[in-house]
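Colleague: Just passing along the structure, written as structure tokens.
The values are calculated or read from the model by the stated rules, or taken from the named source; none is laboratory data. No experiment lies behind these values; they were computed from the predicted model shown. Don't worry about glycine lacking a Cβ; one is built from the backbone with ideal geometry, like all the others, and counts go over all protein chains shown. The area values use the complete protein model at the heavy-atom level, side chains included, leaving out ligands, DNA and RNA. Shrake-Rupley method; radii C 1.70, N 1.55, O 1.52, S 1.80 Å.
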Amino acid sequence: GICRGAGSADEAHRLIAAMDDIKPVVEKIISRLSDRDVSETLAAFVARMVVYENPERFRLDKPLTPDSMGELVELSARFLQQTDSPSLETVKMQVAFDGAYFQHHTELEKARFKKEKRLQDLQAAITAVTSKSAGDFEAMTALYRQIFTYLTVHAGCDARGDGPVQREIAAALESVFPRVGLKSFVALSHGEKAAQLQELARLIMGIRLFNAEVGKGGEGLDDVPGLSRTEASNLLSRVNGLLEDVREVCQQYSDVLVYAHLGSDEEPREGVGGRSWADTRSRWRDELTNRRQFAAYLKSLVEEVHVSLEAIKMSADAYAHEIEDVKRMVGARTSVPKEQVYPKFSALAGLWVSLQDHRDRVASR
């Protein structure tokens, strides 16, 4: 049947990937319905639904023959040509639900991949510099500039600008890793340089996050701990409210169908909207199926957002704890042993990134 559990990124990905298996069928369906807005995903979904619902006509373990392909196209097109059809709307809802999640997930992954590729390229160039260049002033200047570029890309801004973000990163870099440290840096192994560079990025981010908390910097950084908690809570509240409304509608449909079945010994001669009584009851059952499917998606969404919200609360509490620890360490002192405070900055950065991931996940739903 068309009712099933709500989708996931992996499920949606399999749905899209599976289109290649029946690409000729999909192309014929779309060509047949050129006057309608039928996507490849919807055509593929319906074609597979028709195959699964008609195992006596279509063998899953054998290729389609020309005749069976024609029949599959005909049955799929007929289903998609329905007007005012709850069954078709249920399928469209399922495809839209899975597809929207997959699309948002893909867009996020593309953006992350692009950033990671840029960071990897910069890291490769930085770690390739050896101790042979330690005495070359221009080479060391260029290396320091590359490290600065790496940090700005990590922060999601343009190294060529001269705004408050770039200036804050430059000041933090000079404080944590002054230029005189380059000679020691280039003497490290390739792996050690890569690890130190990544740790440097976390430290700089942690410093900027702390600056934001005390009102002395952090330009361009969202209040991710606060925003992620608020957005997840608001979404959970809205979806819970909608779920209750849909469940009430489902109960009303169920009550009407039970009454229609048991309420009278004689069936009415006519149904609703000019339909026969049998067609009317069939229509109501299809509409109930549609609402139940919607409720199933909403319930799945509630569960997912609830899990995300609990994880957000834990990470946000840990973030607040780390912030308070750093504030106590720093106090009114002008300097703090780096062995004490650096791990705290690194932890802040890790928690902030984790919270941003949760925020993205909530936004995708």
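Colleague: Just to confirm my numbers, what's the Cα centroid distance between the stretch 304-365 and the stretch 116-155 in Å?
Modeller: Cα centroid of the stretch 304-365 versus Cα centroid of the stretch 116-155: 28 Å apart.
Colleague: Probe radius 1.4 Å, ligands and nucleic acids left out: which of TYR101, TYR319, TYR52 has the largest accessible area, and how do the rest follow?
Modeller: On the way: TYR101 35, TYR319 10, TYR52 135 Å².
Sorted descending by solvent-accessible area, the residues read TYR52, TYR101, TYR319.
Colleague: Excluding same-chain residues fewer than 8 positions from LYS114, which aspartates and glutamates have a Cα within less than 17 Å of its Cα?
Modeller: Within the straight-line cut-off, LYS114 pairs with ASP158, ASP357, ASP360.
Colleague: Compute the helix-to-body angle for 338-364: its Cα long axis versus the longest principal axis of the chain, expressed 0 to 90° and rounded to tens.
Modeller: The two axes meet at around 20 degrees.
Colleague: Sticking with this structure for a sec: How far is helix 137-155 tilted off the main Cα axis of the chain, in degrees rounded to 10, range 0 to 90?
Modeller: Its long axis makes an angle of about 30 degrees.
Colleague: Please give every one of the aspartates and glutamates within straight-line cross-link reach of LYS23, meaning a C-alpha to C-alpha distance under 15 Å, and leave out same-chain neighbours fewer than 8 residues apart.
Modeller: Once the sequence-local aspartates and glutamates are set aside, what remains near LYS23 is GLU40.
Colleague: Then there is this: Taking 0.36 nm per residue of separation and subtracting the Cα-Cα distance, what length does fully extending HIS261 through LYS132 add? Walk me through the numbers on the way to the answer.
Modeller: Numbers: separation 129, 0.36 × 129 = 46.44 nm, distance 8.89 nm.
Stretched out fully, the HIS261 to LYS132 stretch lengthens by 37.5 nm.
Colleague: Considering only protein heavy atoms, what is the solvent-accessible area of LYS110 at a probe of 1.4 Å, reported in Å² to the nearest 10?
Modeller: Per-residue accessible area (LYS110): approximately 140 Å².
Colleague: Let me ask something additional. What does the accessible area of MET49 come to, in Å² to the nearest 10, when a probe of 1.4 Å is used?
Modeller: Here the accessible area works out near 20 Å².
Colleague: Would you mind checking the tilt of helix 164-176 against the longest principal axis of the Cα atoms of the chain, expressed as 0 to 90 degrees and rounded to 10?
Modeller: 50
Colleague: So which trypsin sites (Lys or Arg not before Pro) in the stretch 294-341 are both in a DSSP loop and have at most 14 other Cβ atoms within 10 Å of their Cβ? Before the final figure, lay out each step's value.
Modeller: Working: sites: LYS299, LYS313, LYS327, ARG328, ARG333, LYS338; in loops: ARG333.
Answer by residue number: ARG333.
Colleague: Right, next: Where in the chain lies the longest segment free of GluC sites (Glu not before Pro) that are both loop residues by DSSP (not H, G, I, E, B) and have at most 15 other Cβ atoms within 10 Å? List each step's numbers first, then the result.
Modeller: Numbers: sites that count: GLU56, GLU219, GLU266, GLU270.
My reading of the result: 57-218 is the longest stretch.
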